[in-house]
1. What do you reckon, is Leu552 without any contact (Cβ under 8 Å) to a residue 60 or more places away in the chain and either assigned to a strand (DSSP E or B) or crowded, with 21+ Cβ neighbours inside 10 Å (or both)?
2. As an exercise: evaluate Ser427 against (1) polar (S, T, N, Q); (2) out of contact with any Lys or Arg (no Cβ under 9 Å at 6 or more places or on another chain); (3) surrounded by 14 or more Cβ atoms within 10 Å (Cβ to Cβ); (4) not in a helix (DSSP H, G or I) and give the number of the one condition it does not meet.
3. If a residue must be of a type in the set (S, T, N, Q) and exposed (fewer than 13 other Cβ atoms within 10 Å of the Cβ), how many such residues does segment 634-667 contain?
4. Take segment 101-119 and flag every residue that is out of contact with any Ser or Thr (no Cβ under 7 Å at 6 or more places or on another chain) and either over 14 Å from Leu183 (Cα atoms) or within 16 Å of ligand 2 (Cβ to nearest atom) (or both).
5. When the residues of segment 295-317 are narrowed to those that are outside any helix (DSSP H, G or I) and either without any contact (Cβ under 8 Å) to a residue 24 or more places away in the chain or away from ligand 2 (no atom under 16 Å from the Cβ) (or both), which ends up farthest from Ser407 (Cα to Cα)?
6. Report yes if Ala251 is more than 16 Å from ligand 2 (Cβ to nearest atom), assigned to a loop (DSSP other than H, G, I, E, B), closer than 16 Å to Tyr194 by Cβ and of a type in the set (A, V, I, L, M, F, W, C), otherwise no.
7. Which ones in segment 47-67 are more than 37 Å from the chain's Cα centre (by Cα) and assigned to a loop (DSSP other than H, G, I, E, B)?
8. With a cut-off of at least 2 residues that are under 27 Å from Ala119 (Cβ atoms) and in contact (Cβ under 8 Å) with a residue 24 or more places away in the chain, name the helices (runs of 4 or more DSSP H) lying wholly within segment 768-837.
Amino acid sequence: PPVRLTDYRPYPFVIKHVHLDFFLEPTKTRVRNKMTGKRSFGEHALMNLDGENLKLISIAINGLAVPEEEYEITPEGISIHMPAGEFCLEIETEISPETNTQLSGLYMSGGRFCTQCEAEGFRRITYYPDRPDVLAPFDVRMEADKDAYPYLLSNGNPVRSGNIGTDRHFAIWSDPHPKPSYLFALVAGDFDVYTDSFTTMSGKETPLAIYVDKGDSDRSAYAMDALKRSMSWDEDVFGREYDLDVFNIVAVRDFNFGAMENKGLNIFNAAYVLADGQTATDADFEAIESIVAHEYFHNWTGNRITCRDWFQLCLKEGLTVYRDQEFSADMRSRSVTRIKDVIRLRSRQFAEDAGPLAHAVRPDEYARIDNLYTATVYEKGAELIRMLRVLIGDTAFFAGLNRYFDSYDGKAATIEDFLNAMQLSTSEDLRNFARWYSQSGTPTVTAKGVHDTIARTYTLTLKQHTSATPGQPDKIALPIPLKTALFSGKGRRLSTKLNGQANDEHLLILRDFEQDFVFTDVSSAPIHSLNRGFSAPVRLVDGLNDANRSALAAADNDPFAQWEGLQTLARNILLEMSKDEDGDHKDSLSAFIDAIDEAYTATIDDPAFAALILRMPTVGELILDQKDADPSKLHATRLKLKRAIARHMQGSLVATVQHSDTGVFDPSAAAAGRRALKAAAIDLLSGLQDEHADRIYESFLSAPTMTEKLSALNALANVENGGPSGEYFDKALLAFEEEWKDTPIVMDKWFSVQAMSIRADLRARLHRLCSHPDFDFKNPNRVRAVAAAFAMNNPVGFHAPDGWGYEFLTDIILKVDGLNPALSARLTTSFESWRRFSPDRQAHAEKQLRRLDDANLSKNAQDIITRALALS
Ligand code: ARG
Ligand code: ZN
């Protein structure tokens, strides 16, 4: 049965203090857990503690062994008869980190002990009320072999360490901030350490350290720099200061997702820590900066204020993603960051919202909590915070946040608590806004404008509609804030009046299903520009014709709106071309290419932005606008369009490719932008098949950075058949492997570039990758480098008409599930859009989903399979 929000009951005991004692051995780790506390209400004599895969050694209350009839081991944990009054409960258990392939709880990675407890991993370490609303200060002592595990780390502040005899040693850590168990962490092993320090705004010098594989410490410099910038940004923008004596980050190679915000001891997937120009792409640097910031920002939004229950996950995640996006916008180009965030939202969250896995940002039931770490909770959750800020204004927004921090510090809160704190700072009624948290699905806003020459008015009629989603057949109207401007036919932004207020940009708030907005003082028929800056996470049918849209794209001063206008033109022309394959589409094509060329020339001084202008909507995005989609056809159409652009702009594209920064590597946004533009140019030129193969191969060989190497390799991967590019691709792969075979994070790129290729030998290649000696079903990064890269980023291959792509992924899921259910469930979500495709494809996908359904997989995977197969 699912867990329901309405079933929430407070825990009837308080834990005043936890003392954990670890005796670390790979297959037999002893955990002594001493909890002091008391019953907080009611007459519950039974105390239920969660536990999973634990071997109970002993249990005592107030120093006396508990007789067997006083407790019961249940499928979920243990139930203990408790005496009245204060208690000291001591439980000793044994676990085997070495054989823990789920990577949840205490496990081993590269010969080191590490933990992952969110959401429910702590119960795999010891018996405990493993729920986010039980907060306690933790003291941790651990001991281990001294040579094998020289560094012993946990949350909070270091207290003491020392030797035990000649071979072993111990360390004691104390975390004064009460925390839920999901924020617990422990690490033991050998590392290189990159150190630095940060002086907080109240003048406290805080040592910082990043623990990485031997030999990797130089590659931690960028993460450290990002950490220090995050610490100072959170002080400057949100007034939040760090609150412990030390801050540590540990990089591990085996990790189920990006990183984890454990109090004072963040644990990271090594892929999001290590970087230098030789081994990491600019996208990696960008991801590192944002994930380091994200985990650090959780110290306030997540740790100091945590969630009452897991339904409130967006309380910490949506807000923290919003904060990391704002940080990146301040560190880099605000408009380029915004565009990338919107691309990500649309490709992942809109797809989720449009399929069988759709759920609310704050859902009201779930089968498996691990499956709720979704694009909707994270990315749409962040959009809701941004929208709230637009709706109530900066002053109320920051006042409300300060009130939230003041009122809930040290507590486990809910979305209602958050909205109440905001409500006290604004006159805007937030009750309707709260619907955004409970209603799933992406609203579509449709616009129609009518100009009245005599009255000099422009009446904009806006409608909203949200399609039914699983469990929610009927939808209510949401408040949708749309930043709006009107332009003259010549592309001049008009100052107009709305409700008597003159402005050249207005905020329209669509509150009903349909509403008219009347602008006055509009002398001639204008062109409207809606949802500027993507002020609301909606789909927009703006009612403009392509001529008006081109005029806008050329004139708009809002970079997001300009980019969006061109993307919409591109989407329209791609869908038109794929509907009518034999037509020549000459007029619309040449108008479109002129618009792109013009925008490119106009923005060339901002290369990161120009690169986005050259990027055409992906097959994955186009599918969202289609029924019975045929990805091969969409891909072919897209290629045709890219080819036409490349033909037309060949001269300037070649010039861009020939450009290369010289001198020392510079990871800044400006230098990254130049490389992004070069990559976009190479990508377009590769559309001309073998014409530019020599140039691209040459650019691979001489690439001074990983970004340039990989963009050339990607281009070679996507030249379809035969010709010199084919040989170049294989030669380049061989050279790459030779150079990087001992650096796993770089080799992941080697695996994924092949999994994303569309060459004719793709299927055989994938099988070769899976039987490569370095392929490892136990390592999530490696599995994802092949399986997720293929299923999520190679629509042509994955949706192959004869179904082999679905079968390949299914075979992998079946192998992974027994080892790592969280990973297999994540891979299974690749089937989420299966009903959008052509009937033959649907039949093949359904066959594989049934195969998974029959295989008796983990609860995590089964939850996804069941929902994917359900009739909506
Ligand atoms: N809280 C972590 C982060 O956002 C992610 C934890 C993911 N946990 C999970 N079970 N999927 O930074
Ligand atoms: Zn997070």
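The values are calculated or read from the model by the stated rules, or taken from the named source; none is laboratory data. As the structure is a computational prediction, the values presented were derived from the model and not from experiment. Reconstructed Cβ throughout: ideal geometry from the backbone, glycine too, with neighbour counts over all protein chains shown.
1. no
2. Result: Ser427 fails condition (3) only.
3. Here the count works out to 2.
4. Of everything in segment 101-119, those that are out of contact with any Ser or Thr (no Cβ under 7 Å at 6 or more places or on another chain) and either over 14 Å from Leu183 (Cα atoms) or within 16 Å of ligand 2 (Cβ to nearest atom) (or both) turn out to be Thr101, Gln102, Leu103, Tyr107, Met108, Ser109, Gly110, Gly111, Arg112, Phe113, Glu118, Ala119.
5. Only one residue tops the list, namely Asp309.
6. no
7. Answer for segment 47-67, where residues must be more than 37 Å from the chain's Cα centre (by Cα) and assigned to a loop (DSSP other than H, G, I, E, B): Asn62, Gly63, Val66, Pro67.
8. Result: 780-783, 789-793, 804-817, 821-828.
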